[in-house]
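In what follows, a single structure is set out as structure tokens and then discussed.
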Amino acid sequence: MKITELSNRLTAVFVIAFILFFGVLTLSEYGEKDFPEISAKTILNGSFGKVLESYMTENFAFRDRWLSAKADIEADMGEKIVDGVYISDGRMLGTEGARRDISLKNAENVNKFADNYKGTVYFTAVPTSSGVYAELLPDYLLSNPEKSQIATLYDGLADGIRKIDTYNILKMMNESYIYYRTDTGLTSYGAYYVYRAVIQKLGFLPSSYSKYTISHVKSDFRGNLYKRCFYDGTKPDILDIYSYSGGAEITDCTVCTDSGVTYKKQPDNMDFSESDDIYNMYLGEGNPFVKINTSVNNQKKLLVIKDSTADCLIPFLIQHYSEIAVIYPEYSEKNMSFFVDPDNYEQILFLFGIDSMSNENLLEMINK
């Protein structure tokens, strides 16, 4: 047998053994409960093969370590963008912002809603970390900066809607720990400064920062940007929960699912540490409707229509209202009236990350 032929056979055996070893390891690690369902129909129509391929790709043994090693090598070779994440000296930033188109259909839906609502409507669009730290990105990723996206959205809102600026406040604070290094979202400290801007527009004096007690939940958190590129060179994040010393408390919290099932719960989830979703730390798992009653005795009621960006602000708002209702449009196929009558609330606050405003169907449910 020729040496070349022997080498080819040994290579083939090695590759097959490698695939079988890691295939078996993958199946043993994740268990049968996660394995895609096998049926004659899925085998005959070819769909099982595609699902199996996707399953093995997503759950391949030591996948995170392989991807982390790949990201580290690319960064060491001078590659700044790994799987859509820009890696700067101190943080990660998403690169999709310049390609984002803000849908003015969302502004139209808010305008239509405001025309039929008796109280005052407020709107806050919060930038991602890529918007506030835009100067770290290369020029070709700044063709449509988030500051311009927010301005476009606000220009589309009717004059009677009160727009709240958070971009400039966060920009001024950008040397502080206001955004996570490995995630697009606000830290609790950053959320406090957004809260200050929001609550003053809503007509209240903000609570003093010195009144809050800080609890450290986790010191090695790696967020959604890390999970896209698995680069280990950026310092992990610290997760904090703020509680108001001697302030108002939650007396009741009711959740309603999209099927209409209601139940009671505590909104803050201190068992967050193993969750993949950072925002579960504030209001728990996502549900389309949450109603919070507090010990504040002023009979003031606020309705918040939001995405997950707002979750970290809700705990600060508790000090000012006897009732806060929260609508999360992305979690519901129902219209808003299924959960709540907006006219029962004196103020309505729309609070979204600017990245959510590219979804043109996001706010359709408020007018159905």
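What to note about this one:
- Charge context of Leu349, other residues only, Cβ under 13 angstrom, K/R +1, D/E -1: +4
- Estimated FRET transfer efficiency when R0 is 45 angstrom, pair Gln200-Asp83 (beta carbons, to 0.05): 0.70
- Of the GluC sites (Glu not before Pro) found in region 274-364, those in coil by DSSP whose Cβ has at most 12 other Cβ atoms within 10 Å are Glu285, Glu333.
- Cβ-based exposure ranking for Leu157, Leu313, in which fewest neighbours within 10 Å come first: Leu157, Leu313
- Neighbour-count ranking [beta-carbon atoms within 10 angstrom, fewest first] of Tyr177, Tyr212: Tyr177, Tyr212
- Kirkwood hydrodynamic radius of region 86-366, from inverse mean 1/r over distinct Cα pairs, in Å: 19.3
- Dipole moment magnitude, nearest 20 debye, region 108-225 about Cα centre, only Lys, Arg, Asp, Glu C-beta charged: 500
- Sequence of His216, His320 once ranked by neighbouring C-beta atoms within 10 Å, starting from the fewest: His216, His320
- FRET efficiency for the pair Thr120 and His216, taken as 1/(1 + (r/R0)^6) with r the Cβ-Cβ distance and R0 = 41 Å, rounds to 0.65.
- At R0 = 41 Å, FRET efficiency that the Cβ-Cβ distance of Ser148 and Ser243 yields, to 0.05: 0.65
- Scaling the Cα radius of gyration of region 97-227 by the globular reference 2.2 N^0.38 Å produces a ratio of 1.18.
- When the convex hull of its Cα atoms is viewed from all sides, region 175-221 shows a mean projected area of 4.2 nm².
- With the simple model of a label 7 Å out from the Cα in the direction of the Cβ, Asp341 to Thr254 spans 1.4 nm.
Where a number appears in this text, it was derived from the coordinates with a stated rule and is not lab data. No experiment lies behind these values; they were computed from the predicted model shown. Cβ sites come from the backbone with ideal geometry, for glycine too, and all protein chains shown count toward neighbours.
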